[in-house]
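Below is one structure, written out as structure tokens, with a few remarks after it.
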Amino acid sequence: MHMSRVHADANAILGKSWYDYDNFQIDWSPPERYEIVRRLGGGKYSEVFEGIDMVNSDRCVIKVLKPVAAKKIKREIKVLRNLTGGPNVISLLDVVRDPSGRYHSLVMEYVENVDWKRLFPVLTEADVKHYTFQLLLALSHTHAHGVMHRDIKPANVMLDFQRRELRLIDWGLAEFYHPNVDYHIRVGSRYYKAPELLVGYKRYDYSLDMWSVGCMFASMIFRKEHFFRGSDNDDQLLKVMKTLGTERFDLYLKTYNIHFETEIDNLLVNYPKQPWTRFITAENRHLASAPALDFLDKLLRYDHRERLTATEASAHPYFNSVRLETILIKEDPVSDSGFAST
Ligand code: AMP
């Protein structure tokens, strides 16, 4: 009941050397090989730069970690090492430490990213299907290997529009999933936080990421920058309730025996469930098809066990055309051998 519907024993099967990141030895490279070109961005835990690998002149990304707990650094590296090479997962190329031992950096493949705020408003239906499917492939692999990403949001999904490629980045909050473990609920980014985080349910699992995929998908098909935009965690829950309704929320709390207390009066009011068609406008009608709404409805569920898993999601009829495309590319011997079909 309080366990993931899928891959609950992934880490037990893969073994201690797979998930025991605290006891994992890292061979750090010296920093001379890489040069910083420009700053790309930064956050609470890191500063990110575009860099150059002086050995092969390749562009790369250098993520300099702020001095945080060694355990957190080890977790991010172990997760990335385990998942590198998986579909659409950003590749970790090297780990670097300066001689003082104070600064730790991750060297990763560079993605020619188009900012999602510019890209989402111009995506066609075929684009939305393609990129969402690519994200699902990344998550299917991640979850099957015992890892929850825990911070799925547009800013962590790099999109190379020219090459039609997607890479899932920022594994700093990712964690190995073990059944019957209480996890921290202060993860994720507010607009993409699943209901379990907002009501304080700690036995969450991979399905946490699927809620965030639902939020991203809704923002793409309805052409809204953020679908649920709360001003704090309570308001975030309120925004969700005003869409999904309170009846199912109450049922969710009851099903999992969650004691949710609030001082916010608005959270105690009854709201009906809104039909997804209510969000259709003249601008998004071409994206919000019946299969798209059906797919969305199966992701944005309070009850995490009801949400589609990443693998189930990629099998939804909404993606029929994308799956066909993938099969055709795979079976085409010309593209298979890597030669251009000119
Ligand atoms: P992060 O702290 O990992 O979320 O990265 C901060 C910012 O750096 C991101 O929002 C991106 O704009 C940029 N960035 C991170 N990784 C890459 C990458 N592999 N390729 C291109 N840009 C990146």
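Side notes on the structure shown:
- Residue count, region 189-231 (criterion: open to solvent by 10 Å² or more (accessible area, probe 1.4 Å) and either β-branched (Val, Ile, Thr) or modelled with pLDDT under 95 (or both)): 1
- Restricting region 326-336 to residues that are out of contact with any Lys or Arg (no Cβ under 8 Å at 6 or more places or on another chain) and open to solvent by 70 Å² or more (accessible area, probe 1.4 Å), the residue that is modelled with the lowest pLDDT: 333
- Region 161-187, subset within 16 Å of the ligand (Cβ to nearest atom) and under 18 Å from residue 68 (Cβ atoms), residue surrounded by the most Cβ atoms within 10 Å (Cβ to Cβ): 171
- Any hit, region 93-109, residues being away from the ligand (no atom under 12 Å from the Cβ), acidic (Asp, Glu) and at pLDDT below 95: yes
- Any hit, region 88-96, residues being farther than 21 Å from residue 150 by Cα and open to solvent by 30 Å² or more (accessible area, probe 1.4 Å): yes
- Within region 294-307, tally of residues that are in contact (Cβ under 8 Å) with a residue 60 or more places away in the chain and either open to solvent by less than 30 Å² (accessible area, probe 1.4 Å) or in a helix (DSSP H, G or I) (or both): 7
- The residue list 307, 323 contains one member that is at pLDDT 95 or above and under 27 Å from the mean Cα position of the chain (by Cα), which is 307.
- Residue that is nearest to the ligand (Cβ to nearest atom), among those in region 53-69 that are open to solvent by 50 Å² or more (accessible area, probe 1.4 Å) and part of a strand (DSSP E or B): 59
- Annotation note: of 248, 203, the sole residue that is out of contact with any helix residue (DSSP H, G or I) (no Cβ under 7 Å at 6 or more places or on another chain) and touching a residue at least 60 places away in the same chain (Cβ under 8 Å) is 203.
The values are calculated or read from the model by the stated rules, or taken from the named source; none is laboratory data. Here the structure is a predicted model, which is why all the values come from computation and not from measurement. Cβ: placed from backbone, ideal geometry, glycine included. Neighbour counts: every protein chain shown. Ligands, DNA and RNA are excluded from the accessible area calculation, which covers all protein heavy atoms including side chains. Shrake-Rupley method; radii C 1.70, N 1.55, O 1.52, S 1.80 Å.
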